[in-house]
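Novice: Quick one: structure below, then a few questions.
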Amino acid sequence: MKKQIHILEGILILIVILLLGLLTIKFTYHIKHEDVDRSYMWDINFANLVVTEGSKEGKINLKNNNISLDVTLDKENDYYEFMIDIENKGTLDAKLTNYEINVQNPEKILKYKITYINDVSIDKGDTLESNTSKTIKVRVEYPKQKNKVYKSLNLKLTLNIEYSPIY
């Protein structure tokens, strides 16, 4: 009888040791593979909106990741141009993951151009280092025409710019 109790005690001790070992392995795996929320370490914002002198009147709306522009130009050589900074105040670099332009230009006469300040095109994958900014330039113009059109033309433009952190 004593022999059976010792065997039973031995089996119980082995089961407890195995359970503790499995729990230790699971806990260690969980700690090593835990996802860390790093989103607080980067901060992308629009700042320093500057409308170029000589521009006609327009309405600009900055909301979340969107820049909206509604402008009406009356005659040849009229234009509307503005520049805005995209700032990364965080500690992580960011890359451009979404860049969409939606334009309503019914007569297709008004021309628009969206670039960085140095006339380099904006592309997905562009990086914005931490604690830096890039300036975007948007220009809408009423070009000279072969067949003269002397009427006010409206252009509505929405630009969606989204960044994600680079870990």
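Novice: Tell me yes or no: at least one residue of the stretch 90-106 is farther than 19 Å from residue 161 by Cβ, of a type outside the set (D, E, K, R) and either over 25 Å from the mean Cα position of the chain (by Cα) or surrounded by 15 or more Cβ atoms within 10 Å (Cβ to Cβ) (or both).
Specialist: Yes, the stretch 90-106 has at least one match.
Novice: Specify the residue that is modelled with the highest pLDDT; the eligible residues are those in the stretch 11-53 that are surrounded by 10 or more Cβ atoms within 10 Å (Cβ to Cβ) and part of a loop (DSSP other than H, G, I, E, B).
Specialist: Per the stated criteria, the residue is 52.
Novice: Right, next: Of all residues in the stretch 72-89, which are of a type outside the set (S, T, N, Q), under 17 Å from residue 151 (Cα atoms) and surrounded by 12 or more Cβ atoms within 10 Å (Cβ to Cβ)?
Specialist: We begin by selecting, within the stretch 72-89, every residue of a type outside the set (S, T, N, Q); these are 73-76, 78-87, 89.
Now drop any that are not under 17 Å from residue 151 (Cα atoms), which leaves 73-76, 78-80.
Within the stretch 72-89, 73, 75, 76, 78, 79, 80 qualify.
Novice: Determine which single condition residue 66 fails, assuming it passes every other condition in (1) touching a residue at least 60 places away in the same chain (Cβ under 8 Å); (2) more than 24 Å from residue 163 (Cβ to Cβ).
Specialist: (2)
Novice: Hey, another quick one. Can we say residue 166 is of a type in the set (A, V, I, L, M), surrounded by 11 or more Cβ atoms within 10 Å (Cβ to Cβ) and more than 13 Å from residue 86 (Cβ to Cβ)?
Specialist: Numbers: of a type in the set (A, V, I, L, M): yes; surrounded by 11 or more Cβ atoms within 10 Å (Cβ to Cβ): yes; more than 13 Å from residue 86 (Cβ to Cβ): yes.
Answer is yes for this residue.
Novice: Residue check: is residue 116 surrounded by 15 or more Cβ atoms within 10 Å (Cβ to Cβ) and within 14 Å of residue 156 (Cβ to Cβ)? Before the answer, list the steps.
Specialist: Working: surrounded by 15 or more Cβ atoms within 10 Å (Cβ to Cβ): yes; within 14 Å of residue 156 (Cβ to Cβ): no.
No.
Novice: Taking the options 116, 112, name whichever one is modelled with pLDDT of 90 or more, within 19 Å of residue 69 (Cβ to Cβ) and out of contact with any Leu (no Cβ under 8 Å at 6 or more places or on another chain).
Specialist: Going through 116, 112 in turn, the sole match is 116.
Novice: Consider residue 80 against the criteria (1) over 30 Å from residue 165 (Cα atoms); (2) of a type outside the set (Val, Ile, Thr); (3) assigned to a helix (DSSP H, G or I): it satisfies all of them except one. Which criterion is unmet?
Specialist: It fails just one condition, (3).
Novice: Collect the residues in the stretch 101-147 that are among the small types (Gly, Ala, Ser) and part of a loop (DSSP other than H, G, I, E, B), keeping them in residue-number order. Explain how you work it out, then say what you get.
Specialist: Taking the stretch 101-147 and keeping what is among the small types (Gly, Ala, Ser), we get 121, 125, 130, 133.
125, 130 - these are the residues of the stretch 101-147 that are among the small types (Gly, Ala, Ser) and part of a loop (DSSP other than H, G, I, E, B).
Novice: Can you report the number of residues in the stretch 143-167 which are modelled with pLDDT of 85 or more and basic (Lys, Arg)?
Specialist: 1
Novice: Filter the stretch 120-148 for residues that are among the basic types (Lys, Arg), farther than 14 Å from residue 162 by Cβ and exposed (fewer than 15 other Cβ atoms within 10 Å of the Cβ) and give the result.
Specialist: Matches in the stretch 120-148: 144, 146, 148.
The values are calculated or read from the model by the stated rules, or taken from the named source; none is laboratory data. All of these numbers come straight from a predicted model, not from anything done at the bench. Every residue, glycine among them, receives a Cβ derived from its backbone with ideal geometry; neighbour counts consider all protein chains shown.
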